[in-house]
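Read through the structure below, which is laid out as structure tokens, and then see the notes.
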Amino acid sequence: MIDLHMHTKYSDGSNTVEEIFKIAKSVGLDTIAITDHDILSAMEESHKYEKLFGIKNIPAVEISTRYKDNRELHILAYLIDYKNKDFVEMLNWIRKTRKERNINLIKLLNSLGYEFTLEELIEVAEKESNIGRPHFARLLIEKGYFKSFDQVFTKLLAEGKPGYIERESISPYKAIEMIHKAGGVAVLAHPLSYRFENKSEVKSLILDLVDHGIDGLEAEYVTYKRSDIDWIKRIAKSLDLIITGGSDFHGKYKPHISLGKGLGSLYVPDKFIDSLYERQILNNKKD
Ligand code: AMP
Ligand code: ZN
Ligand code: FE
Ligand code: FE
């Protein structure tokens with residue numbers, strides 16, 4: 001059993017790398033891909049746990065990008081050389097823009113009457129770097145301003161709401177290019193989660209990304225119903241793209257989602273791993 005999408009404390013998950021391996025073991029996973037947002041810290045650390053738990057972690061990261069229509073798109077990078085200098089620098093820059101967004105977001109939320117400090121945010125996040133909106137959400141809930149994550153996002157933090165600040169980032173095209181230069185495989189994460197009006201808009205996005213070298217689509221995604229998964233699979237097949245899948249596990253930040261099993265019916269076939277490696281070989285032949 002495998003799971004190719006999950007987060008640790010290094011981004012907006014609640015678990016340490018060791019805890020992820022423990023949970024993975026307990027649910028019977030033999031291969032995982034830790035896909036933190038814009039950070040590779042779990043890669044080096046995972047080596048000792050791979051041996052200890054007998055579970056393989058495929059090098060990966062989920063890159064925050066900004067599309068030409070201003071939408072935030074997540075590009076999953078698999079099998080990258082996580083020591084590639086340019087790739088590492090690109091992620092460093094993205095994290096810097098997140099940090100700047102966070103400073104401005106604190107000011108904005110304070111001005112809207114939500115009283116809290118950077119120090120309190122760091123305490124809730126249990127770290128100083130790569131703090132995300134889920135950490136803001138948790139602090140606002142702890143302070144009694146909101147009852148649930150859903151509520152904080154739908155009333156305040158989501159795109160288009162009063163407490164939203166856009167974060168500068170690279171284009172998905174650049175991300176794909178850098179993933180390839182780092183020897184990896186580029187996959188569009190959760191293709192149906194970008195609030196497009198309809199599937200034909202999603203299809204146009206996918207066609208555009210294919211023109212820019214995207215290798216695959218995440219199909220077996222935790223919250224997608226069978227008909228949507230089948231739609232993504234059909235598109236992938238017709239465009240010669242690979243498919244991947246995962247739970248997008250965030251620990252206690254999304255407590256209803258389990259590693260490996262998602263909401264209960266998630267199943268990510270082992271053969272997805274072969275496709276990743278085959279695609280990597282194919283890409284290397286091209287250049
Ligand atoms: P950030 O990268 O700091 O802008 O935060 C993005 C993260 O916030 C996403 O990865 C989700 O985990 C979470 N998030 C974004 N929008 C929503 C939403 N509408 N409801 C719940 N969580 C969300
Ligand atoms: Zn996340
Ligand atoms: Fe994502
Ligand atoms: Fe994710």
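The values are calculated or read from the model by the stated rules, or taken from the named source; none is laboratory data. In this text the structure is predicted, and so the values were computed from the model without any measurement. No Cβ is skipped: glycine too gets one built from the backbone with ideal geometry, and neighbour counts run over all protein chains shown. Remember, those area values only see protein heavy atoms, side chains included, never the ligands or the DNA or RNA. Shrake-Rupley method; radii C 1.70, N 1.55, O 1.52, S 1.80 Å.
Structural remarks
- Restricting the chymotrypsin sites (Phe, Trp or Tyr not before Pro) of segment 188-287 to loop positions (DSSP other than H, G, I, E, B) with no more than 14 neighbouring Cβ atoms within 10 Å leaves 267.
- Protection proxy ranking, peptides 55-61, 103-109, 38-44, 21-27, average beta carbon neighbours within 10 Å, highest first: 55-61, 38-44, 21-27, 103-109
- Normalised Debye scattering of segment 163-238 at q = 0.11, 0.20 Å⁻¹ gives log10 I(q)/I(0) of -0.31, -0.95, counting only Cα atoms as equal scatterers and leaving out solvent.
- Only DSSP H runs of four or more residues enter the estimate; each adds -39500 (n - 2.57), and after division by the residues of the chain the mean residue ellipticity at 222 nm equals -13500 deg cm²/dmol.
- Each Lys and Arg contributes +1 and each Asp and Glu -1, all at the Cβ; summed about the Cα centre of segment 176-271, the dipole is approximately 420 debye.
- Within the accessible area of segment 146-235, the carbon and sulfur atoms contribute 49%, probe 1.4 Å, all protein chains present.
- Normalised by the number of residues in segment 140-287, the mean separation of alpha-carbon contacts (under 8 Å, six or more apart) gives a relative contact order of 17 percent.
- Once the Cα gyration tensor of the chain is diagonalised, semi-axes √(5λ) in Å: 29, 22, 19
- Computed label-point distance, nm, for sites residue 119 and residue 81 using a 7 Å Cα→Cβ extension: 4.5
- Segment 1-91, accessible surface, carbon-and-sulfur percent (1.4 angstrom probe): 52
- Cα-based helix-to-principal-axis angle, 133-142 vs the chain, degrees rounded to 10: 40
- Mean accessible surface per residue for the chain, computed with a 1.4 Å probe while every protein chain stays in place, in Å²: 46
- Taking the Cα atoms of segment 60-134, the ratio Rg/Rh between the radius of gyration and the Kirkwood radius comes to 1.04.
- Farthest toward the positive end of the dipole of the chain, out of 105, 192, 250, is the Cα of 192, where the dipole comes from beta carbon charges about the Cα centre.
- Mean Cα-pair separation over length for the chain, i.e. relative contact order, pairs under 8 Å, 6 or more apart, %: 22
- Compactness of segment 1-115 is given as radius of gyration and Dmax, 16.3, 50 Å, from Cα positions.
- Over segment 235-287, Cα pairs under 8 Å with separation of 6+ residues give a relative contact order of 29 percent.
- Principal-axis tilt of helix 271-286 within the chain, Cα atoms, nearest 10 degrees: 70
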